[in-house]
Amino acid sequence: MTIILMRHGKPDHRAGGRLSAQALADWCEAYDMAQVCDTPPDRSLTLARQASVVVCSPLPRARSSLAKLGLHPVEVNALFSEVSVPLIASDRLELPTHLWLLLLRMLWLFGYAGESESLLMARQRAARAAEKLIALSEQGTVLLLGHGLMNKMIARELRKRGWQAEKHASSRHWSSAIYHRPFI
């Protein structure tokens, strides 16, 4: 039994420069609507061909990545969507996009969620996603085309359930993590 967690390709979306909090919210919304602009590496194509069951997040960057792999999902599920960064209401402060994202993700890790999903809620969703993938793995090798942080959270849940990592995920586009259930 094998589960492959693959991150989407590079989104067709530029860094935003210095932005206010409101401009960052608009930037994040556009990022969520972006398709991918690169082609999958050979390793990703090879891994994808091993899948009997393909699932993905509904976000366009995940769906368009799957299309570039030449695959069609049996299920598109928001359970696999990326965890949104929490936003703040302020137009006074302008920061570079990457600094905003780092700051807001750190605040999220320390408990600030604003109107976004909390860390606890994201962990619970990752646990449900892991259970879903484990159930699907009864049908054969599963490929999830998802996102960096949520894939890492799902991987953590798989390890908690005794799944062994052949390869851990990185934060790079098209990166993959491969998990096997040990024979008992």
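Observations on the structure shown:
- Within the option set L59, L95, L101, being at pLDDT below 95, under 18 Å from the mean Cα position of the chain (by Cα) and open to solvent by 20 Å² or more (accessible area, probe 1.4 Å) holds for one residue only, L101.
- Checking R125 against (1) among the basic types (K, R); (2) surrounded by 20 or more Cβ atoms within 10 Å (Cβ to Cβ); (3) part of a loop (DSSP other than H, G, I, E, B), the condition it does not meet: (3)
Residue-wise test of (1) free of Cβ contacts under 8 Å to residues at least 40 places away in the same chain; (2) in contact with an Asp or Glu (Cβ under 7 Å, 6 or more places away or on another chain); (3) over 19 Å from A129 (Cα atoms); (4) among the β-branched types (V, I, T).
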position	(1), (2), (3), (4)
D26	yes, no, yes, no
A34	yes, yes, yes, no
C37	yes, yes, yes, no
L47	no, no, yes, no
P73	no, no, no, no
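- Of all residues in region 49-63, those satisfying the criterion of being assigned to a loop (DSSP other than H, G, I, E, B) and touching a residue at least 60 places away in the same chain (Cβ under 8 Å) are Q50, A51, S52, S57, L59.
- Given (1) open to solvent by 30 Å² or more (accessible area, probe 1.4 Å); (2) touching an Asp or Glu at 6+ places or on another chain (Cβ under 8 Å); (3) within 20 Å of L158 (Cβ to Cβ), index of the condition N77 fails: (2)
- Residues of region 64-100 that are in a helix (DSSP H, G or I) and in contact with a Leu (Cβ under 8 Å, 6 or more places away or on another chain): S65, L66, F80, T97, W100.
- Identity of the residue in region 131-184, outside any loop (DSSP other than H, G, I, E, B) and of a type in the set (V, I, T), that ends up surrounded by the most Cβ atoms within 10 Å (Cβ to Cβ): I154
The values are calculated or read from the model by the stated rules, or taken from the named source; none is laboratory data. This structure is a prediction, so every number in the text was calculated from the model and none was measured. Note that we place each Cβ from the backbone using ideal geometry, even for glycine, and neighbour counts take in every protein chain shown. The accessibility values were calculated without ligands, DNA or RNA, using every heavy atom of the protein model including side chains. Shrake-Rupley method; radii C 1.70, N 1.55, O 1.52, S 1.80 Å.
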